[in-house]
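Visitor: My questions all concern the structure below.
The values are calculated or read from the model by the stated rules, or taken from the named source; none is laboratory data. Keep in mind that what you see is a predicted model, and the values were worked out from it rather than measured. Note that each Cβ is placed from the backbone with ideal geometry, even for glycine, and that neighbours are counted across all protein chains shown. Protein only, heavy atoms only, side chains kept; ligands, DNA and RNA dropped before computing areas. Shrake-Rupley method; radii C 1.70, N 1.55, O 1.52, S 1.80 Å.
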Amino acid sequence: MTDTVLYKTSVFVHCNQSIVIHDLTNLAFYGDDDDIALLKRLADEPSTLASILSLPGIDELKERVDFFLRERLIVPVSHDESGDFMTHRVDIETCRQCNARCKFCPQSVSPKARGVMPLELFALVLSRLEDTKPEWLALNHYGEPLLDPFFRERVELLRERKLLLGLYTNGTLLKESTIDFLALGGVYKVVFNFPSMDPAEWSNLMQLPEKSYWKARRTIEYYLSLDAPVVNGIYISVNVPDENQAARAERITEHFSALGKIGVQMEYSNSRAGSVENEFVHINSRAESRYYAGCERIAHHLHVSWEAKVFLCCQDYDQSVVLGDLTKDSITNIMSSQLARDFRAELYGLAPMRNGRLCLNCNMLRRDRFSSVLLPVVAPL
């Protein structure tokens, strides 16, 4: 039988220098020049397997193609990838409020009203995960999870279901007794928002009093002193990419790394798809193009509001794009709905991006599949 099936590089594949990343499967590997050249070629010119296997000058070509097929790096052209989704990460907005008003966050200009997800609804959302096994599950969407009166009960529910917690916090409300509780296990990672070692600068950026700085600092120090089991480690995010960011990150690294194992990540403070703009954050529009190269959020990251509504992504601060309701439908149905398909098609270049999409003001939207740039890590774990 004639080999007539055309294969292409999956739209979910992109390359960051020598790293090949698959948004859907959430896997990455180091690719050599031949790997990347072959993937780039098949992204532009789909071919039959026979044609691919006859390409000259590529070492171990059959082994490469077998690997590409097995890992879904290449797929049949006939497969409609707009309906594909895998639940690898989950954000649940358990508490809408935040005690900080970070100048690089939309909460500083449009703070959210009070709202706490009932425990019963939280349990329902967890049950909707069905047979999926997310890498981790976070309890926030621009809110401070430690303001949640049911924080411990939620962590217990995660432990019962063997789901790992990704804790994102400013640390000011994290008591030692709560850290001791978290140290019992079930934590994938802890990420502290801590932009400066200088109390006055920290207070200015976070718009909190200096006493909160000392609470947050002592919290991080105490967590490190325990050497508690955290699967992926403890990190500090250093926001505001000004001329002092690297120096601030170095000071933070010098202080906290002497106390324990910690990663320090310089963050590119962004406008959250146009939700905030000031001297620290600028809106970087992508509206000059019609076709784009992807965004992992619509491929493998589930975002759930305090009312159990599934919305587009973490950058959708106002949850303006609601994809479905977990009180009425399954994750599979919601994330393969026509609305989800439309967004996935537009984000991954299968269709032109419609005017007015909030994604056009988001710095996470990729323009090129083969020339992304990683943010620098000051002190990687």
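Visitor: Shape verdict for the stretch 226-355, please, from the Cα gyration tensor: rounded (a/c under 1.5), prolate (a/b greater than b/c) or oblate.
Guide: Since a/c reaches 1.5 but b/c is at least a/b, the shape of the stretch 226-355 is classed as oblate.
Visitor: Could you check the simple spin-label distance between residue 44 and residue 337, using points 7 Å along Cα→Cβ, in nm with one decimal?
Guide: My value for the distance between the label points is 3.9 nm.
Visitor: Which three extents, in whole angstrom, do the alpha-carbon atoms of the stretch 1-139 cover along their principal axes, largest first?
Guide: Taking the Cα atoms of the stretch 1-139, the three principal extents are 62, 35, 21 Å.
Visitor: Give the percent of DSSP beta bridges with both residues in the stretch 196-345 that are antiparallel, rounded to the nearest 5.
Guide: Values: 5 of 9 bridges.
For the stretch 196-345, the DSSP antiparallel bridge percentage is about 55.
Visitor: What is the gain in length, in nm to one decimal, between residue 184 and residue 259 on full extension, counting 0.36 nm per residue of separation less the C-alpha to C-alpha distance?
Guide: 25.0 nm
Visitor: Rounded, prolate or oblate: which fits the stretch 17-66, taking a ≥ b ≥ c as square roots of the Cα gyration tensor eigenvalues, rounded meaning a/c under 1.5, else prolate when a/b beats b/c?
Guide: Since a/c reaches 1.5 and a/b is larger than b/c, the shape of the stretch 17-66 is classed as prolate.
Visitor: Provide the gained length on full extension for the span residue 59 to residue 6, in nm with one decimal, where the gain is 0.36 nm per separating residue minus the Cα-Cα distance.
Guide: Residue separation times 0.36 nm, minus the Cα-Cα distance, leaves 16.9 nm.
Visitor: Still on this structure: With runs of 4+ DSSP H residues as the only contributors, calculate the mean residue ellipticity of the chain at 222 nm using -39,500 (n - 2.57) per run, divided by the residue total and rounded to the nearest 500.
Guide: Values: 12 runs with 111 residues, N = 381.
That calculation yields -8500 deg cm²/dmol at 222 nm.
Visitor: Enter the per residue convex hull volume of the chain, computed from alpha-carbon coordinates, in Å³ rounded to the nearest integer. Could you put the intermediate results ahead of the total?
Guide: Values: hull volume 59.2 nm³, N = 381.
Given the Cα convex hull of the chain, per-residue volume reads 155 Å³.
Visitor: Going by average Cβ density within 10 Å per residue, which order do the peptides 48-56, 149-157 take, highest to lowest?
Guide: Descending mean neighbour count gives 149-157, 48-56.
Visitor: Just order 85-92, 211-218 by mean Cβ neighbour count inside 10 Å, highest at the front, would you?
Guide: Ranked by mean Cβ neighbours within 10 Å, highest first: 85-92, 211-218.
Visitor: Roughly how far apart, in whole Å, are the Cα centres of the stretch 92-117 and the stretch 260-282?
Guide: 16 Å
Visitor: Would you mind getting me the FRET efficiency between residue 17 and residue 325? Use the beta-carbon distance for r and R0 = 35 Å, nearest 0.05.
Guide: 0.30
Visitor: Could you derive backbone 3J(HN,Hα) for the stretch 194-207 from the dihedral phi with the Karplus parameters 6.51, -1.76 and 1.60 (θ = phi - 60°), listing whole Hz in sequence and x where the residue is Gly or Pro?
Guide: 9, x, 7, 7, 7, x, 5, 5, 4, 4, 5, 6, 8, 6
Visitor: Another question, if that's okay. Mind checking the full-extension length gain between residue 131 and residue 162? Use 0.36 nm per residue of separation minus the Cα-Cα distance, one decimal, nm.
Guide: On the way: separation 31, 0.36 × 31 = 11.16 nm, distance 1.20 nm.
In short, 10.0 nm is gained.
Visitor: For the chain, which whole percent of the accessible surface, found with a 1.4 angstrom probe, sits on carbon and sulfur atoms?
Guide: Roughly 50 percent, rounded to a whole number.
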